[in-house]
Amino acid sequence: MDDALRDLVIANRILAAHNVVDAFGHVSIRHPERPDRYFLACSKGPAGVTRADLIEFTLENEPIDQNGRAMYAERAIHGGIYQARPDVMAVCHNHSAATIPFGVTSVPMRPIFHMGSVIGAHVPTWDIADEFGDTNLLVTTHDQGASLAKTLASGRVVLMRGHGTAVAGRTLKEVVFTCVYLQKNAELVTTARTFGDVRYLSDGEVERAAQLLSEPLSQNRAWEAWSDAIDTSKL
Ligand code: MN
């Protein structure tokens with residue numbers, strides 16, 4: 001349990017170091033012993049999150065131990081996905097700028113290189129306006145979180161039109177890995193399109209590459225390299 005919470009703090013800082021999150025964006029884990037709960041930091045920039053900032057929530061996004069701390073307005077993203085997906089053990093929501101163009105145009109988000117295979121062959125886009133009309137774009141209600149999770153379906157990534165992305169995974173390491181390479185994939189597609197038509201990975205290549213990258217050898221190597229590069233003196 002302590003290790004899981006320590007890793008959640010480290011994940012906050014890795015994602016900040018890679019500019020996947022800035023002052024905004026957040027990452028959570030499902031409670032290791034209670035599948036009906038999750039842990040998410042209080043409302044704070046992820047780079048400065050410590051163990052003392054973590055709050056336990058129900059899947060209805062109600063805090064167990066708020067202790068006066070401010071909460072992220074968009075925690076409904078986390079509860080919505082954990083409710084819909086019993087296989088999901090970690091979730092990240094971010095506004096990674098490189099991904100935004102793909103949510104607002106017809107250019108698809110597809111893997112362009114082997115490391116990008118972890119995002120899945122076809123990434124859906126969720127448009128909050130489809131069900132909820134004009135909003136401030138934030139996912140703040142149970143219904144909005146459930147709607148987002150429905151578009152995510154059984155996948156790893158969902159783009160959020162004019163807003164950002166949500167990434168779900170079977171482990172926290174997998175979510176961090178997917179967020180970092182989703183962002184790199186977006187940057188590379190953007191560059192490649194200035195050169196000309198893009199040849200993406202085939203569905204078969206995506207499946208094989210993603211399988212290799214989801215093995216502990218790759219997952220642990222990335223996690224160790226990225227966590228070694230951040231300051232872990234004050235967790
Ligand atoms: Mn957001």
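Pairs linking a residue in the range 161-180 that is without any contact (Cβ under 8 Å) to a residue 60 or more places away in the chain to a residue that is part of a strand (DSSP E or B) and within 13 Å of the ligand (Cβ to nearest atom), with Cβ atoms under 8 Å and 6 or more positions apart or on different chains, are ARG161/TRP126. Looking across the range 28-44 at every residue that is of a type outside the set (Ser, Thr, Tyr), within 16 Å of the ligand (Cβ to nearest atom) and under 15 Å from the mean Cα position of the chain (by Cα), the one that is surrounded by the most Cβ atoms within 10 Å (Cβ to Cβ) is identified as LEU40.
For the range 56-83: of the residues being of a type in the set (A, V, I, L, M) and within 13 Å of the ligand (Cβ to nearest atom), which is nearest to SER43 (Cα to Cα)? The extreme case among them is ALA73. The numbered conditions (1) surrounded by 15 or more Cβ atoms within 10 Å (Cβ to Cβ); (2) farther than 23 Å from PHE102 by Cβ; (3) of a type in the set (S, T, N, Q); (4) without any contact (Cβ under 8 Å) to a residue 40 or more places away in the chain are all true for SER227 except (4).
Can you confirm whether VAL118 is in a strand (DSSP E or B), surrounded by 24 or more Cβ atoms within 10 Å (Cβ to Cβ), of a type in the set (A, V, I, L, M) and touching a helix residue (DSSP H, G or I) at 6+ places or on another chain (Cβ under 8 Å)? When the stated conditions are applied, VAL118 does not pass them. Residues that are among the polar types (S, T, N, Q) and under 20 Å from ILE29 (Cα atoms) do not occur anywhere in the range 97-114.
Say we look at the range 7-27 and pick out the residues that are touching a Pro at 6+ places or on another chain (Cβ under 8 Å) and part of a helix (DSSP H, G or I); which of these is surrounded by the fewest Cβ atoms within 10 Å (Cβ to Cβ)? Result: ALA16.
Output the residue which, of all residues in the range 116-141 that are away from the ligand (no atom under 16 Å from the Cβ) and acidic (Asp, Glu), is farthest from ALA209 (Cα to Cα). This residue is ASP134.
Taken together, LEU201, LEU172, LEU138 contain a single residue that is surrounded by 22 or more Cβ atoms within 10 Å (Cβ to Cβ) and either out of contact with any Gly (no Cβ under 6 Å at 6 or more places or on another chain) or not aliphatic (A, V, I, L, M) (or both), which is LEU172.
Can you find a residue in the range 42-58 that is in contact with a strand residue (DSSP E or B) (Cβ under 6 Å, 6 or more places away or on another chain), more than 18 Å from VAL175 (Cα to Cα) and part of a loop (DSSP other than H, G, I, E, B)? Yes, some residue in the range 42-58 is in contact with a strand residue (DSSP E or B) (Cβ under 6 Å, 6 or more places away or on another chain), more than 18 Å from VAL175 (Cα to Cα) and part of a loop (DSSP other than H, G, I, E, B). For residues that are within 16 Å of the ligand (Cβ to nearest atom) and small (Gly, Ala, Ser), scanning just the range 153-175, find the one that is farthest from ALA76 (Cα to Cα). Only one residue tops the list, namely GLY162. When the residues of the range 59-85 are filtered to those that are more than 26 Å from ASP127 (Cβ to Cβ) and in a loop (DSSP other than H, G, I, E, B), the one that is modelled with the lowest pLDDT is ASP65. Does LEU188 count as in contact with a strand residue (DSSP E or B) (Cβ under 6 Å, 6 or more places away or on another chain) and modelled with pLDDT of 95 or more? No; evaluated as a whole, the condition is false for this residue.
The values are calculated or read from the model by the stated rules, or taken from the named source; none is laboratory data. Everything numeric in this text was worked out from a predicted model, so none of it was measured. All Cβ positions, glycine included, derive from the backbone under ideal geometry; neighbour counts span all protein chains shown.
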